[in-house]
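Single-structure report; data block below.
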Amino acid sequence: MKAIPTPLKDLLIIEPKVFGDDRGFFYESYNQRKFAELVGYDVVFVQDNHSRSVKNVLRGLHYQIQHPQGKLVRVVQGSVLDVAVDIRKSSPTFGQHYTLELSAENKRMMWIPEGFAHGFVVLSDTAEFLYKTTDYWFPEHERSLLWNDTELAIDWKLHMAPALSGKDAQGELLIDAELFA
């Protein structure tokens, strides 16, 4: 397993070592000791989540203002365009975003630390998305940035309007959102 830095402070691409042959493949998707070495500190995950979505579904950009969640995300079926936005006002990369295609084929993961908003759009006919979180879900503390905020200027690689939840359609602009210090 190796970590690849991104242009955003603390955001990492995680690439597992995959062993494959004509029978299939094997890889270690998580190892606590190795992950701590890669990110530089001990991370405790308390919840695993699994979602399945159809093509053109956009989920996000979500975060929790209290009980912030770090997320280790990956795709086990299909492909998504994954998006992380640094919403830490004190960060040198505040307000910037990073996108990465995650797929069952490339087996890449992304470490999204506390202080980022996160979302994804499904590129394949269906996708199954798995993620570990460092805190529990508290709906009363969940917030959502507006996916198409012109200040963020995220290229979602969409060819039509995405399928959104009511909550995501009502996300806030970055300039109006409750953010991290």
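The values are calculated or read from the model by the stated rules, or taken from the named source; none is laboratory data. What you are looking at is a predicted structure, and each value in this text was computed from that prediction instead of being measured. As a convention, Cβ positions derive from the backbone with ideal geometry for all residues, glycine included, and neighbour counts pool all protein chains shown.
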In contact with a Phe, Trp or Tyr (Cβ under 9 Å, 6 or more places away or on another chain), within 13 Å of Leu174 (Cβ to Cβ) and either aliphatic (A, V, I, L, M) or buried (at least 18 other Cβ atoms within 10 Å of the Cβ) (or both) - does that describe any residue in the range 110-118?
-> yes
Check whether at least one residue in the range 164-180 is surrounded by fewer than 18 Cβ atoms within 10 Å (Cβ to Cβ), part of a loop (DSSP other than H, G, I, E, B) and within 16 Å of the chain's Cα centre (by Cα), and report yes or no.
-> no
Is there any pair linking a residue in the range 156-181 that is touching a residue at least 24 places away in the same chain (Cβ under 8 Å) and on the phi > 0 side of the Ramachandran plot to one that is surrounded by 13 or more Cβ atoms within 10 Å (Cβ to Cβ) and not in a loop (DSSP other than H, G, I, E, B), with Cβ under 7 Å and at least six apart or on different chains, and which?
-> Lys157/Leu81
Pairs where the first residue, in the range 75-92, is more than 24 Å from His50 (Cα to Cα) and the second is among the hydroxyl-bearing types (Ser, Thr, Tyr) and not in a loop (DSSP other than H, G, I, E, B), C-beta under 9 Å, 6+ apart | Ile87/Tyr63
In the range 61-71, the residues that are surrounded by 13 or more Cβ atoms within 10 Å (Cβ to Cβ) and either more than 30 Å from Ala161 (Cα to Cα) or over 13 Å from the mean Cα position of the chain (by Cα) (or both) = Gln64, Ile65, His67, Pro68
Condition set of a type in the set (Gly, Ala, Ser), surrounded by 13 or more Cβ atoms within 10 Å (Cβ to Cβ) and not in a strand (DSSP E or B), scope the range 1-60, selection modelled with the lowest pLDDT: answer is Ser29
